[in-house]
């Protein structure tokens, strides 16, 4: 599947929406009795709460100290139907700070809870003892409040303003939540000096109405002229009038359905209807245009040109000698690549901080042996280039950061290294000690990344592995007269399966490994298990063990029954629900192969074995094959289960559910033995 | 005494000589099962001045691997009433070479909100260290000062599972006029010395091996060595407190923390009086008040200053409609007072692990508050933070443990309700119709009581989608199951929960030629088998007892006949009783009955194996099948 297909999967699903035509008074404080009397949401009876009205007004103001800044006014009215909706009565507002002076400020916060008392509308105001401010870290403060007197059926209403100096990073406006929104309204008004590019997202269609208006602004400023001797003269306050146009953007949407939650769907934010204003340039009077970002190309360039990125790739003094020594006499590029990759992995220790740009700076990080993602991977790219290998950074976004759907710098929070070959691209992440080329951690395998080449051109590359992770298992066993089964098993884990075994088993001691394997497999006792290559990369991980099971064979009416897959059979369908909205993320294609040889006890004969068979998913998305035979009291079984696409569209969900139902059923079918 | 002198002398030398932080000195038996070893720890707690506590800590800890990083322990809390005077750390590699040095400004300063509180004024300084090599050693020094002497950190020479300790010393300096008390737990198996001097106590431990977590064992608190320490006269946020025994302590709580907080607006008093006007008994009144409370308030945790210990004013809760456990309990108490029903504020440790308030050691304990209403010899308990649990219901979170009842006369230790296994009953009945394709349609009814009620009653208010999810997971082994006609009844009066629903499972039976292989236990297959330990070290502890009964009637199509039925089975041992029985009748019906009683309690470590065997037998018997023969 091409990356573009994943994108279309993302936008495939649609919600139905209905219009409600009630005239409502949305002014602050005008909560009606009818609204309070409502017992369930008229469209979504499952809703625990609903946003009756959300209004956001964003405008710009000016003062001499701060220049232009944003003022955002929020107004929200929420209906709470029942106790599971009570958490909507508590709200957290983040305010950011880049340094002591440049910070966001929240003010004019007020709120009120409305409820019916003896048929009359009563209310209780939010007071100061319900509002809390907390400094989470140097860069983040939170204002939290919780509304008073919440009971089933009540309505809360609050409003507040945020003053923000961060005109180049405005959070997305959210038009969809996990509860329905009856009406949401946005007015965004920006002076012509600020040009924003708008990015729409989500499945709910909405239109943006634009308009323009002229605005006069009195600008007051203080001057402190100096006299000829360098001494300050008297300060003067001067005023001048500025006339400019303002661009107006308006959005109004009715009846936005609740955002559904589903397992294995990744980050829900990917599906939320929202609007993002991305500053593309500023153009103040009497000064030149200052470009921010507009296209992916520009975003990539702007990151590349940052001193925390591009320049970090150029430095090489700090490692020159070490790398020279490392690759001395090595001519093969592949060999060099692995040597350098392993060198960085071995030397550097990831401090768990994400980031598409460096934190410590490569040089410092190198000295301290620790750094964030960009510190480590940009260093790797630089070294590879130094060794003559064509390596380039690939900007990516972790799953929790969401899929980068439109071009913003914050859309990327991770960077990895790439080496482009004739037909394929190798992706490398040196923050992971167990990483191999093209074996990335699942958290990073998120749709696609943006490769930036040295000439600053950029392009998308798929992060999904094309090669399947393969698990191959060989099992030999003998059923004894007392119906216990003794045998041995050899398992080989390749690619991503090897990575997950390494992550899971390399840190724990042998006894815990045994317990874990027994837990995974149920009714089995493992003896003499042994892992090979857990620490040795570039080879599959091997696991071998002997086992004994006591309870897998059943005797019914004098006959013996057992599943020839023994403890390896799939017991439950991972997909149980009837419907699905979002695509299913398998992260990487995978293939599980089992070769099983079973010897039946003396004095018994095989009465029947399950039928062989094979079936698959549409478009070759997956397949299952079950082959079984019996000869001379030996049962041979070969099972092959493959999921060929890392992501499967929800339109195939019912196929997928049925597919696994059949897998479970087949794997649980029984061999029947009778006494001779 | 001579021996002490020598030790002291050696210690003196070693601190003055070039200190060796290489890992060579750690005995190999301490490394066994350990992700880190506490090489040396010296804690000095000084409470010799009134209303002041200074804690100095010096520790040397070697971390062997990534999993040991969480034992770093380079962290101090502070708030308005306490400050961190010194905090510093050095990192050494395995050979003892210094690789990093962190001063106070290098520590991260963040809010210490616990994750469920809306707000807490506690903050924390911690070292956010990324190891560059393993093993490594951290040498940590800190000094903190606080005006609160109500809590003195206990001495826990091993801080948790998978950590070894070479040496730990704890010195408590005090004023003989206000001599602290201490209580030692679980010291028996360790080399631990206690030295009492006129103005200080010194606790010392050497060479403690790491403890590994084992499933179904008592909580760490109940197995690890620990000495608790407390003052009889202490200070809490500027208030003096007394706690020589529980009676005094309870009296102090009542008079200091719980006084002046119970006043209610007159309108509210009038309202609740009217509400219970027609009720004759205390219980009937209390039920009405409890319902009033549940309809009115919700749980929100806010912890600021003394508010971390003293309830928010009842009159504030009255208009805010929310509060934490202290606030809501105190509010309920005020409402009950208003209608003349006596009740007691009760402090306890909440959680599924039953932890007692230590009746033999009076000190600030507990993490939760509930309300007790005396009813002759009994006490009815009310959980005031929940809007859903029925009157007098406790559940796993607060049942069967020692708690502190605060009465105007003083404190009293009592035990909360213990649910017997038979009270925790789940009764399931079903009619199962087998179709000719081998599928089954099931008419299911189930009722749950006791702690099993607590596990289920919240399903009632879930959305249809979540209910479906819930049932599909509960019967995850029924391949392809669909769920319909879900009808749930939460009987809050009798505290029971009934479930009524229909299930359909295609291909439930296994086809063998023309015949069907049918597993009779459709609805309660227990497949849990505890993990196997080569060597079990801890006592077996079964935290929860219960009784499950199942009765299933199968309607078998006429075209099939029931071959011989399996034998009835009954297993009885100290862990419980398991019974299954099978019968058939002339209507081509099979009746399957199952009952499984599990006892709660402590058993020897040798018993672990037997218990595992018991569960294995059950897992097997729960899959008992019969053959249905196609009639020719």
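Bear in mind these aren't lab numbers, they're just calculated from the coordinates by the rules spelled out. Computed from a prediction, not measured in an experiment: that's the story for all the values here. Please note: Cβ atoms are built from the backbone with ideal geometry, for glycine as well, and neighbour counts cover all protein chains shown.
Label zone of residue B:299 (point 7 Å out along Cα→Cβ, amide N under 16 Å): in the range B:446-480 this covers B:454-459. Given R0 = 22 Å, the distance between the Cβ atoms of residue B:564 and residue A:484 translates into a calculated FRET efficiency of 0.35. Calculate the length of the line joining the C-alpha centroid of the range A:108-137 to that of the range A:482-523, in whole Å. The range A:108-137 and the range A:482-523 have Cα centres separated by 55 Å. Summed over qualifying helices (DSSP H, 4 residues or more, each -39500 (n - 2.57)) and divided by its residue number, chain A shows a 222 nm mean residue ellipticity of -5000 deg cm²/dmol.
As a rough guide to protection, the peptides A:364-376, A:380-392 ranked by mean Cβ packing within 10 Å, highest first, stand as A:364-376, A:380-392. Pull out a ≥ b ≥ c, the square roots of the eigenvalues of the alpha-carbon gyration tensor of chain A, then state rounded if a/c is under 1.5, prolate if not and a/b is larger than b/c, and oblate in the remaining case. Note, shape of chain A comes out oblate. In terms of its C-alpha gyration tensor, chain B has an oblate overall shape, because the principal axis ratio a/c (a ≥ b ≥ c, square roots of the eigenvalues) is not below 1.5 and a/b does not outweigh b/c.
Just to confirm my numbers, what's the Cα centroid distance between the range A:366-399 and the range B:422-452 in Å? For the range A:366-399 versus the range B:422-452, the Cα centre distance is 59 Å. Rounded to the nearest 10 degrees, the inclination of helix A:495-505 to the longest alpha-carbon principal axis of chain A is 90 degrees. Packing, as the average of other Cβ atoms within 10 Å across residues, places the peptides B:625-632, A:648-655, A:203-210 in the order A:648-655, B:625-632, A:203-210, highest first.
The relative contact order of the range B:392-530 comes to 21 percent, based on Cα pairs under 8 Å that sit 6 or more residues apart. With the simple model of a label 7 Å out from the Cα in the direction of the Cβ, residue B:492 to residue A:443 spans 4.3 nm. With angles folded into 0 to 90 degrees, how steeply does helix B:464-474 sit against the dominant principal axis of chain B? Use alpha carbons for both and round to 10. Taking the Cα atoms of chain B, the angle to B:464-474 is about 90 degrees.
Give the percent of DSSP beta bridges with both residues in the range A:297-462 that are antiparallel, rounded to the nearest 5. Around 90 percent of the beta bridges assigned by DSSP in the range A:297-462 are antiparallel ones. Once C-alpha pairs closer than 8 Å and six or more residues apart are averaged by separation and normalised to the residue number of chain A, the relative contact order reads 9 percent. Using the Cα gyration tensor of the protein assembly as shown, with a ≥ b ≥ c the square roots of its eigenvalues, what is the shape: rounded (a/c below 1.5), prolate (a/b larger than b/c) or oblate (neither)? Since a/c stays below 1.5, the shape of the protein assembly as shown is classed as rounded. Under the simplified labelling scheme, the residue B:220-residue A:333 pair shows an inter-label distance of 5.2 nm, with each label point 7 Å from Cα along Cα→Cβ. Using the beta-carbon distance between residue B:572 and residue A:510 and R0 = 35 Å, what value does 1/(1 + (r/R0)^6) give for FRET efficiency, to the nearest 0.05? Computed FRET efficiency for residue B:572 and residue A:510: 0.40. Model label sites at residue A:140 and residue A:500, defined 7 Å from Cα along the beta-carbon direction, differ in position by 2.9 nm.
Bridge orientation summary for the range A:469-675: considering DSSP beta bridges with both residues in this region, about 85 percent are antiparallel. Please determine, in degrees from 0 to 90 and to the nearest 10, the orientation of helix B:325-338 with respect to the longest principal axis defined by the Cα atoms of chain B, where the helix direction is its Cα long axis. The helix B:325-338 is inclined about 70 degrees to chain B.
Taking the Cβ-Cβ separation of residue A:46 and residue A:456 as r and a Förster radius of 45 Å, what is the calculated FRET efficiency to the nearest 0.05? So, using R0 = 45 Å, E works out to roughly 0.35. Each of the peptides A:640-647, B:447-454 was scored by the mean count of other Cβ atoms within 10 Å over its residues; in descending order, highest first, they stand as B:447-454, A:640-647. Within chain A, antiparallel bridges make up roughly 90 percent of the DSSP beta bridges whose residues both belong there. For the range A:597-676, the spread of Cα positions along the three principal axes, ordered from largest to smallest, is 52, 17, 14 Å.
Residues B:563, A:554, ranked from the fewest to the most other C-beta atoms within 10 Å, line up as B:563, A:554. Short-range pairs are left out: with C-alpha atoms under 8 Å and at least six residues apart, the relative contact order of the range A:469-675 is 24 percent.
Averaged over the residues of A:346-355, the number of partner chain Cβ atoms lying within 10 Å of the residue Cβ comes to 2. Can you compute the label reach from residue B:188? Point 7 Å from Cα along the Cβ direction, backbone N cut-off under 13 Å, restricted to the range B:589-612. Within reach of a label on residue B:188, which here means backbone N under 13 Å from a point 7 Å along Cα→Cβ, the range B:589-612 contributes B:604-605. For the residues of A:551-559, the average number of beta carbons from a partner chain within 10 Å of their own beta carbon is 5. Counting only other chain Cβ atoms within 10 Å of each residue's Cβ, the peptide A:259-265 averages 1.
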